[in-house]
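Enquirer: Before anything else, here's the structure in question.
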Amino acid sequence: MTGPTRRQTLAMAGSAGLLAAPALSAGRAHVVVVGGGFGGTAAARTLKEIAPDTDVTLVVDADRFSTCPFSNLVLADEIPLSRITFGFDAVAAAGVSVRVGVAAEIDAARKVVVLQDGNEIGFDRAIVSPGIDLNFGAIPGYDAGAAQRMPHAWKAGVQTELLRDQIGAMPPGGTFVMSVPNNPYRCPPGPYERASLVAHRLSRINPTAKIIIVDGKDSFSKQSLFMEGWDRLYPGMITHVPFAENGGVKDVDAATLTVEAAFETFRGDVVNVIPPQTAAGVALRSGLAGDGDWCQIDQATFESETAPGVHVLGDAAIVGDMPKSGFSASVQGAVCAHVVASWLKGAEPVSDAVLLNTCYSLLSPDYGISVAGVYRVNAEGRLKSVRDAGGNSPMAADDGVRQAEAGFALSWYDTLTRQLFG
Amino acid sequence: MFKNLILLGFLFMGAAAAAQSTTAEVTYLSCAVCHGDGQGDDAIPAIQGRPHDMLLASLSSFAAEGGTATIMHRFITALTPAEMDDLARHISGLEGVAQ
Ligand SMILES: Cc1cc2nc3c(=O)[nH]c(=O)nc-3n(C[C@H](O)[C@H](O)[C@H](O)COP(=O)(O)OP(=O)(O)OC[C@H]3O[C@@H](n4cnc5c(N)ncnc54)[C@H](O)[C@@H]3O)c2cc1C
């Protein structure tokens, strides 16, 4: 299951240099993928499928992965966490070496991934999709300890269940306060889907409860569609306080469950703090983000601007105009696998394809809306939104349209997770 | 010459080695996120292996008629007629339950 040793990797690199096409060298090319979420799993499986002669190792930090997509349905108590949790047996059965371990560093100069246990895995190319880390410290008072009292639930798993249970135990007529960061962050419409699905649950179990969104920005993704739906489904329950009216969150206090903004203090019975985010720690530690919070890449090939031979994608990277979504990360992972396969063969990668994204949001289990985007690499090498394509669901549509989109959302989720983990 | 050597190399490896990626194949990766595993038992239909004519006709009608209930018409305006044709040809060549 282990990759080549450092010596083998060096030997491989040597012969590769000679032939200018590693796949033709005596040794097999080895690609290490870091992160078994949407981007990494898509990359690993696609690469193994299109280049079966390449050794592919997927480094995962746990033997199970819970998806953030549909985790708001867990908060709504509509589905259990197990419904959105997957193992890696099928990935391994597809020929990918699955290595459970935490990547401490990606060393581009030595072409090794250093694991926390001290082991090293050599690579010809690495694909890195480790997602985000929560920027504890960005909001005074919010640290890992405070997150036990005021969950973020922005990585799915125990945090999701913690918040779900807090919502269930909220006193009658209580207040659910949600603090939402400014852009960029994982899943632009995610907080508003969450507010909707929490409202769906509360309207049944606690109908006089209130939801207050303390926002770090003035407008948000699919805003009119969300607001239209909230008026219809949960009139009076959800209040959105834009940045201009709250002045920005200054600090939070886990002991008193308060969110202190510049113009107003919000006290909740349940407080969901979604803090600002950065590329995951391993990317920052490896210098892939330079001095910034997110990784800069060549938007046609996903190759890092700072670390040759290392490709970065998904939430951790700035991928042109594409939003930080699981759909985008999966597409980027699959496209990156084609780039890497081409280079390993000494061929030019395709650069004129179209990339798509759709973010579905559920306002209730049978009320869906979406935003779609189409992206192409332009002459300057930037992955830009194609003008006059993409866009939102229509406003003022009838229930049949919303129900159909909820069906598409479920179909999207099941089809994608079957392909990644099934 | 170099290309030929590479091809030769693949022949030698007796390979399952795939041919070079095409634009339609890479574009299809985005389609596959929703249509990909060909199970087609969900709200979103399986499309792999459907006849080229049929695929091209539905892509063209999404482009022409628009519509409110799907997202396809929001995507399809980005493709040229030639790209639609290539994409339909690629999808029709895939194995799938829709065959
Ligand atoms: C509430 C919510 C709802 C969402 N809903 C949707 C939706 O409906 N549709 C949609 O498209 N997107 C949705 N998203 C966004 C989606 O979850 C992310 O965009 C997506 O997960 C990004 O994929 P990724 O590969 O970049 O990261 P991830 O999927 O997070 O995968 C990264 C993996 O790498 C692991 N990792 C990190 N560091 C290391 C390390 N050092 N070593 C080993 N492994 C490591 C992580 O633990 C994780 O398992 C939602 C997000 C949230 C929070």
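The values are calculated or read from the model by the stated rules, or taken from the named source; none is laboratory data. All values derive from a computational prediction rather than experimental measurement. Neighbour counts run over all protein chains shown; Cβ positions are idealised from the backbone, glycine included. Side chains are part of the model used for accessible areas, which takes the heavy atoms of the whole protein and leaves out ligands, DNA and RNA. Shrake-Rupley method; radii C 1.70, N 1.55, O 1.52, S 1.80 Å.
Enquirer: Among all residue pairs at least 6 apart or on different chains, which show Cβ distances below 8 Å where the first residue, located in region A:172-192, is more than 15 Å from A:Lys324 (Cβ to Cβ) and more than 14 Å from every other protein chain (Cβ to nearest Cβ) and the second is within 9 Å of the ligand (Cβ to nearest atom) and assigned to a loop (DSSP other than H, G, I, E, B)?
Expert: A:Met178/A:Ile274; A:Ser179/A:Ile274
Enquirer: Within region A:350-377, restricting attention to residues that are more than 7 Å from chain B (Cβ to nearest Cβ) and open to solvent by 20 Å² or more (accessible area, probe 1.4 Å), which residue is farthest from A:Pro394 (Cα to Cα)?
Expert: From region A:350-377, those more than 7 Å from chain B (Cβ to nearest Cβ) are A:351, A:357, A:359-369, A:371, A:373, A:375-377; that's our starting set.
Right, trim to open to solvent by 20 Å² or more (accessible area, probe 1.4 Å) and you get A:351, A:360, A:365-366, A:371, A:376-377.
Values: A:Ser351: 32, A:Tyr360: 13, A:Pro365: 19, A:Asp366: 16, A:Val371: 10, A:Arg376: 24, A:Val377: 28 Å.
Per the criteria, the residue is A:Ser351.
Enquirer: Further question on the same structure: So which strands (runs of 3 or more DSSP E) are wholly in region A:332-418 and hold at least 2 residues that are touching a Leu at 6+ places or on another chain (Cβ under 8 Å)?
Expert: Of the strands (runs of 3 or more DSSP E) lying wholly inside region A:332-418, those with at least 2 residues that are touching a Leu at 6+ places or on another chain (Cβ under 8 Å) span A:355-364, A:367-377.
Enquirer: Could you list all residues from region A:52-69 that are over 17 Å from A:Ile127 (Cα atoms) and under 17 Å from the mean Cα position of the chain (by Cα)?
Expert: A:Ala62, A:Arg64, A:Phe65, A:Ser66, A:Thr67, A:Cys68, A:Pro69
Enquirer: Just to verify a result, which residue in region B:13-36, among those that are open to solvent by 50 Å² or more (accessible area, probe 1.4 Å) and facing chain A (nearest Cβ under 9 Å), is modelled with the highest pLDDT?
Expert: Residue satisfying both the conditions and the ranking: B:Thr22.
Enquirer: Tell me, which residue of region A:117-144 that is over 23 Å from the mean Cα position of the chain (by Cα) and not acidic (Asp, Glu) is surrounded by the fewest Cβ atoms within 10 Å (Cβ to Cβ)?
Expert: Checking each candidate, the answer is A:Gly118.
Enquirer: With the checklist (1) at the interface with another protein chain (Cβ under 7 Å from one of its Cβ atoms); (2) under 30 Å from A:Val339 (Cβ atoms) in hand, flag the one item A:Arg382 doesn't pass.
Expert: (1)
Enquirer: Sticking with this one: Touching a residue at least 60 places away in the same chain (Cβ under 8 Å) and not in a loop (DSSP other than H, G, I, E, B): is that true of A:Gln159 in this structure?
Expert: Criteria not met by A:Gln159.
Enquirer: If you don't mind, another one. Looking only at region A:95-116, count how many residues are assigned to a loop (DSSP other than H, G, I, E, B), more than 11 Å from the ligand (Cβ to nearest atom) and open to solvent by less than 50 Å² (accessible area, probe 1.4 Å).
Expert: 3
Enquirer: Hey, can you tell me all the residues within region A:26-38 that are assigned to a loop (DSSP other than H, G, I, E, B) and either of a type outside the set (Gly, Ala, Ser) or modelled with pLDDT under 95 (or both)?
Expert: Across region A:26-38, the qualifying residues are A:Ala26, A:Gly27, A:Arg28.
Enquirer: Which residues, taken from region A:300-346, are open to solvent by less than 20 Å² (accessible area, probe 1.4 Å) and at positive phi?
Expert: A:Phe302, A:Gly309, A:Gly314
Enquirer: If you scan region B:42-57, which residues turn out to be crowded, with 17+ Cβ neighbours inside 10 Å and over 16 Å from B:Glu95 (Cα atoms)?
Expert: Taking region B:42-57 as the starting set, the residues that turn out to be crowded, with 17+ Cβ neighbours inside 10 Å are B:42-44, B:46-48, B:50, B:55-56.
Within region B:42-57, B:Asp42, B:Ala43, B:Ile44, B:Leu56 meet the criteria.
Enquirer: Do you know which residues across region A:70-88 are within 13 Å of the ligand (Cβ to nearest atom) and either at pLDDT below 95 or over 18 Å from A:Arg201 (Cα atoms) (or both)?
Expert: A:Ile84, A:Thr85, A:Phe86, A:Gly87, A:Phe88
Enquirer: Continuing with this model, one more query. Among residues belonging to region A:44-69 that are within 14 Å of chain B (Cβ to nearest Cβ) and within 9 Å of the ligand (Cβ to nearest atom), point out the one that is most open to solvent (accessible area, probe 1.4 Å).
Expert: That would be A:Pro69.
Enquirer: Restricting attention to region A:281-299, which residues are within 10 Å of the ligand (Cβ to nearest atom) and surrounded by fewer than 21 Cβ atoms within 10 Å (Cβ to Cβ)? Quick ask: steps written out before the conclusion?
Expert: Restricting attention to region A:281-299, the residues satisfying the condition of being within 10 Å of the ligand (Cβ to nearest atom) are A:281-283, A:285-286.
Once the filter is applied, which keeps residues that are within 10 Å of the ligand (Cβ to nearest atom) and surrounded by fewer than 21 Cβ atoms within 10 Å (Cβ to Cβ), region A:281-299 yields A:Gly281, A:Arg285.
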